[in-house]
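Written out below as structure tokens is the structure these notes cover.
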Amino acid sequence: MADRRRRDSRRNRDEERDEFDERVVDIRRVAKVIKGGRRFAFRTVVVVGDSKGRVGIGIGKARAVPDSIRKASERARRNIETVALSGTTIPYTVIGRHGGARVLLKPAAPGTGVIAGGGVRAVLEVVGVRNILTKSQGSANLLNVTMAALDALKQLRSAARIAEMRGKRPYEVAPFWERRREGADNA
């Protein structure tokens, strides 16, 4: 009986791993100064997402790279958050900040692609965004840029929620290319 439970939980864990897309954003060697000299370890930043609006970032440190990647991936899976998307882009322009890094995310029309670099691209691809314009400003530290991109995504609200707050119809606050398409559908 205990063996069956253990096997089932292992199977569930494997299915959960397959569900998420995992990207290693950064691997850095870090040093801790101790009495006898320096002790080296590796810090790894991993981003996981399901390409349907859920994303998580994890940081892992260990003396060996595979161990740090495993720790980061486990932490990322524990820290998954849901993001409001508008089709394959975001509903509106937003700026995220973390440390000295600032990231500007701007919605783009279908066919534009992901115009982003480094950590921002990894976060946007695993969350499921396919059309977006970005600009990274300030610090180029990959960890801070990645966290700033996540901060920007967390600020987003759905078009329906914004329309409700403003007292308008969701169609009125949607990006212009979606309004044009809905106008053609209504005609």
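Each value in this text was obtained by applying a stated rule to the coordinates, not by laboratory testing. What you are looking at is a predicted structure, and each value in this text was computed from that prediction instead of being measured. Positions of Cβ are generated from backbone atoms using ideal geometry, with glycine treated the same way; all protein chains shown enter the neighbour counts.
Considering only Phe40, Gly111, Leu124, the residue lying farthest towards the positive end of the dipole of the chain is Phe40, judged by Cα position with unit charges set on Cβ. Averaging the sequence gap over all C-alpha pairs within less than 8 Å and six or more residues apart, then dividing by the number of residues, gives the chain a relative contact order of 17 percent.
Membrane-span-like helices in the chain (whole DSSP H runs, Cα extent of at least 18 Å along the helix axis, mean Kyte-Doolittle hydropathy of at least -1.0): 142-155. Among the listed pairs Lys106/Lys135; Lys52/Lys154; Lys71/Lys135; Lys106/Lys154, a Cα-Cα separation exceeding 19 Å is found for Lys71/Lys135. Using a simple spin-label model with pseudo-atoms 7 Å out from Cα toward Cβ, Ala64 and Ile27 lie 1.3 nm apart.
With a cut-off of 14 Å on the backbone N, the residues of region 87-125 near the modelled label site 7 Å out from Ser158 along Cα-Cβ are 87, 91.
Using Cβ point charges alone (K and R +1, D and E -1), the dipole size of the chain about the Cα centre works out to roughly 1040 debye.
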